[in-house]
Amino acid sequence: MSEPSVLVEYVDDVAVVTLNRPQSLNALNTDLLSTFVEALRTAQNAGAIVVQGAGRAFCAGEDLHETLAPKTGSADELRVAFHQLQDLTRLMAGAPCPVVSAVHGYAVGGGAEIAVTADFVVGGPHARIKFPEAVIGHAPTGGITSRLPLMVGLLRAKQLLLTGRWVEPSEGLEWGLYTELHDDPRARALELATQLASYPRRSQAGVKRAIELALVPQQETYLQLEVELASHCFASAETEESFVAFRNRDRAEVGT
């Protein structure tokens, strides 16, 4: 039997959620998405949550060899995947406990959105983030169009989202994509999460919720807008052409 695509381990009061498709750089397919959503739902009562990737990457975004609508290829089926991606944002941003992501290697597209939606983002020395959706005719669906400008500023957010360029670790730290950098981001993320889990839960939950409501009060509106935009983009013929070109280029670049 193959291993599950997401692993959940409890270390004391910390739920460690590991994306477990290392042979595919933990790329997002329908199985990983649904299992990841369920894992986060189960972990909501933990003192803290760590999200990390197995192998040599955090998450390389959408699987380049599969489709997020494998049964019918229809727009309706694709929307199901979009809403699952958005559930990840809801569950991480809305969790009543702190969420820490450990980013080593690649965090691309949806993987980058997952990484920076955490409350604390620990980057490794080889972490590389990019948001390539607009370059390949797609559109982000995890709420990043509202969250990223709050993190890095309006002009920097436009640069990252419209050019799809790589962000190296030191630049990401300077711009506010990472809380900190560490030689072993997974070990540091667990250490930090263990510390956070020891604090009073009610206070942690209340302060986190107040910050989210103050800065992203219209999150559901933004998420719905992103679904509509992504659905519109996916229906374009030029999107398929751009995606094929990106897949061939990026496969060589990341070694998949």
Study note, to complete from the structure: Inside region 16-34, the number of residues satisfying the requirement of being surrounded by 22 or more Cβ atoms within 10 Å (Cβ to Cβ) and more than 15 Å from residue 54 (Cα to Cα) is 1
Check your understanding: Would region 69-82 turn up any residue that is surrounded by fewer than 22 Cβ atoms within 10 Å (Cβ to Cβ), in contact (Cβ under 8 Å) with a residue 60 or more places away in the chain and closer than 21 Å to residue 185 by Cα?
Key -> no
**Study point:** Checklist (1) in contact (Cβ under 8 Å) with a residue 40 or more places away in the chain; (2) surrounded by fewer than 20 Cβ atoms within 10 Å (Cβ to Cβ) applied to residue 4, failing item
**Key:** (1)
Check your understanding: Among the residues of region 205-214, is any under 22 Å from residue 18 (Cβ atoms), assigned to a helix (DSSP H, G or I) and of a type outside the set (Val, Ile, Thr)?
Key -> no
**Study point:** Neighbours by Cβ (under 8 Å, 6+ apart or cross-chain): first from region 208-226, over 13 Å from residue 96 (Cα atoms); second in a helix (DSSP H, G or I) and aliphatic (A, V, I, L, M)
**Key:** 215/150; 216/93; 216/150; 219/93
Study note, to complete from the structure: If we ask which residues in region 145-181 are touching a residue at least 60 places away in the same chain (Cβ under 8 Å) and under 15 Å from the mean Cα position of the chain (by Cα), their number turns out to be 5
Check your understanding: Filtering region 35-59 down to residues that are in contact with a helix residue (DSSP H, G or I) (Cβ under 6 Å, 6 or more places away or on another chain) and small (Gly, Ala, Ser), which residue is surrounded by the most Cβ atoms within 10 Å (Cβ to Cβ)?
Key -> 48
Practice item. Being in contact with a Gly (Cβ under 7 Å, 6 or more places away or on another chain) and more than 20 Å from residue 52 (Cβ to Cβ) is the filter here, so list the residues in region 152-201 that pass it. Key: 152, 201
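Any read-out appearing in this document is the output of simple, stated calculations on the displayed coordinates, not a laboratory observation. This structure is a prediction, so every number in the text was calculated from the model and none was measured. All Cβ positions, even for glycine, are placed from backbone atoms using ideal geometry, and neighbour counts span all protein chains on display.
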